[in-house]
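Here's the structure we're looking at; comments come further down.
Throughout, read-outs are computed from the coordinates displayed, never taken from laboratory work. Quantities reported herein were computed from a predicted structural model and do not represent experimental measurements. Positions of Cβ are backbone-derived with ideal geometry, glycine not excepted, and every protein chain shown enters the neighbour counts.
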Amino acid sequence: MSAQLQENISKAESYLARFKENTLGHYINGEWTLGSGETFDNTTPFDQSYLGKVAAASEEDVNAACEAAAAAAAGWAATPGAERRKILHRLGDELEKRAEEIAMVESMDCGQALRFMRQAAVRGAANFRFFADQAPEARNGLSLHQAEHTNFTVRSPIGPVAVITPWNTPFMLSTWKIAPALASGCTVVHKPAELSPLTASILAECAEAAGLPKGVWNMVNGFGTVAGKALTQHPAIKAVALVGDSATGKLIQAQTAQTLKRLHLELGGKNPVIVFDDADFDRALDAVVFMIYSLNGQRCTSSSRLLIQSGIKDKFLAALKARVENIKVGHPLDPETEVGPLVHTGHYDKVTSYFEIAKQDGATIAVGGKSLRDEMGPGNFVTPTLFVDAKNTMRIAQEEIFGPVLTAIEFETEEEAVQLANETVYGLAGYIWTSNTGRAMRMAHAVEAGMLWVNSENNRNLPSPFGGVKMSGIGRDGGDWSFDFYMETKNVCIAHDTHKVPVLGR
Ligand code: NAD
């Protein structure tokens, strides 16, 4: 074990000690509480060892959080944008102060390699700062003219909102939602994923330290079927922002029907990376490897289907195979580690089941396709895996595996590439590698996805829209798209007193 890893482990242990000693509760109306529900054990995917107990919110606890958010709504909505801006910048400062702690706790709770988590708090803080700066102008609207009337629009916060987040990069994803909600003037009830609850509590502590008024930010731990369901059904909640599985999105659409809530659903994907013969070979290779094997492949925008043109197929797959064989799997806190353990044994079982499915489908396992439990102990370690000789109709090409597993499919023509890219129920992201600008433009229009990158890996720009089409979701995050979701637009029409008012019954 390197000295650096040893040092990281002892630092992480000191950050994690309080979670082992005290049950992690909920943050409701400015108070930490264990609520009235049961508790459950949280473990680390590194070796399944105990990280601590977590309170699972009951319906009663969720109701208390929603009522606190409702009671605080008018006051927060009336807080001047400049004041909200100041508080959210302070929150950014708090996150930056605790960056190392957030990175280490997130790594041990989720199994993500520290090299990727190091930026989690910094990027989270950047999200708060970006939306904070827009808070003073968030209510601005349009002026729309007619001959005898002038219309103007104003925006106001929609009210208390629910933010429900998944276990993959949970810290970052939570900040994407909560930052614009608060900047808009909405109060929030956040329910983090039951499989990775720890950093959401640090986030709530930072909000408290930044001076958010009580009830503006509430956080409940617990399960989707109880806490999540009660949250989506509560009448005080006006909108639900979910990041999660497509199946959960469907459930939430049904659960919210009776109270008719606004929904933003960011769901699953089976994203194609399309590499043409004329692509910059080395840059495309780097991006293909990065976009499926970083973050353990547990990333909604991961390019899990490689569509490779026949002219470079053999050379590209040979180079890819060498790179995948060389990926370093290891302790999430080891600075050398590129792939860590999968988040949970249930997810490990799902990912490893595809090694058998690939064989049944008739694909070839070019690299990996194995559990690493014999070599690396009880953690959820698997080999980075590459399937070749695959067809787009196979399950390994159609289903979201959500692990460090890539399926490569050959194509001949541009038309075939478009057809293969679109033959999926999903439509989150796509990546196109070509040196032909006309082709890049044609592909950009033809591929069905909410986001496309040309000659790039996933590059996030906060003012740009983020979200998917088809089964990958409804709605967009980012820039003014976020404000539109968290705010209602009202039109006010004012007459110039020159038009003829219709007369009845005179
Ligand atoms: P999940 O859908 O199982 O859980 C997400 C959250 O929903 C959790 O907090 C869970 O407790 C809650 N939940 C579950 N059932 C619920 C219900 N009936 N009512 C209310 N809440 C409920 O997802 P996961 O397994 O935690 O995360 C992985 C999934 O998230 C993948 O499919 C991935 O693609 C997707 N994801 C999408 C994006 C995106 O931007 N499109 C980003 C990250 C992850």
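The calculated 222 nm mean residue ellipticity attributable to helices in the chain amounts to -13000 deg cm²/dmol, summing -39500 (n - 2.57) over DSSP H runs of n ≥ 4 and dividing by all residues.
For residue 439, project a label point 7 Å along Cα to C-beta. Then give me every residue of the range 455-488 with its amide nitrogen under 13 Å of that point. The answer is 455, whose backbone nitrogens lie closer than 13 Å to the label point.
Using the beta-carbon distance between residue 119 and residue 7 and R0 = 25 Å, what value does 1/(1 + (r/R0)^6) give for FRET efficiency, to the nearest 0.05?
Values: r = 20 Å, r/R0 = 0.79.
Once rounded, the FRET efficiency stands at 0.80.
In order along the range 218-232, the phi-based Karplus estimate (6.51 cos²θ - 1.76 cosθ + 1.60, θ = phi - 60°) of 3J(HN,Hα) comes to 10, 9, 10, 8, x, 8, x, 5, 10, 5, x, 4, 4, 5, 6 Hz; Gly and Pro are listed as x.
For a footprinting-style exposure proxy, rank 201, 174, 464 by other Cβ within 10 Å, fewest first.
Values: 201 21, 174 27, 464 13.
Going from sparsest to densest Cβ surroundings: 464, 201, 174.
Computed from phi, the 3J(HN,Hα) profile of the range 173-186 under the Karplus parametrisation 6.51, -1.76, 1.60 (θ = phi - 60°) reads 5, 5, 5, 4, 8, 6, 4, x, 4, 5, 5, 5, x, 8 Hz, with x in place of Gly and Pro.
In a fully extended conformation the segment linking residue 460 and residue 96 would gain 129.1 nm over its present Cα-Cα distance, using 0.36 nm per residue. Taken along the Cα-to-beta-carbon direction at a fixed 7 Å, the label points for residue 229 and residue 326 span 5.1 nm. Less than 20 Å from a label point 7 Å out along the Cα-to-Cβ axis of residue 315: which backbone N atoms in the range 437-467 qualify, by residue? Answer for this model: 437, 455-456.
Any chance you could run the full-extension gain for residue 71 through residue 423? It's 0.36 nm times the residue separation minus the Cα-Cα distance, nm to one decimal. Show your work: numbers first, answer last.
On the way: separation 352, 0.36 × 352 = 126.72 nm, distance 4.74 nm.
Working it through step by step, the gained length comes to 122.0 nm.
With 0.36 nm allotted per residue and the present C-alpha distance subtracted, the residue 494-residue 260 stretch has 81.2 nm of extension available. Neighbour counts of other Cβ atoms within 10 Å put 312, 158, 164 in the fewest-to-most order 312, 158, 164.
Hey, fewest Cβ within 10 Å first, where do 223, 466 land in order?
On the way: 223 16, 466 22.
By the 10 Å Cβ count, ascending: 223, 466.
The distance between label points at residue 398 and residue 416 comes to 2.0 nm (points 7 Å beyond Cα on the Cα→Cβ vector).
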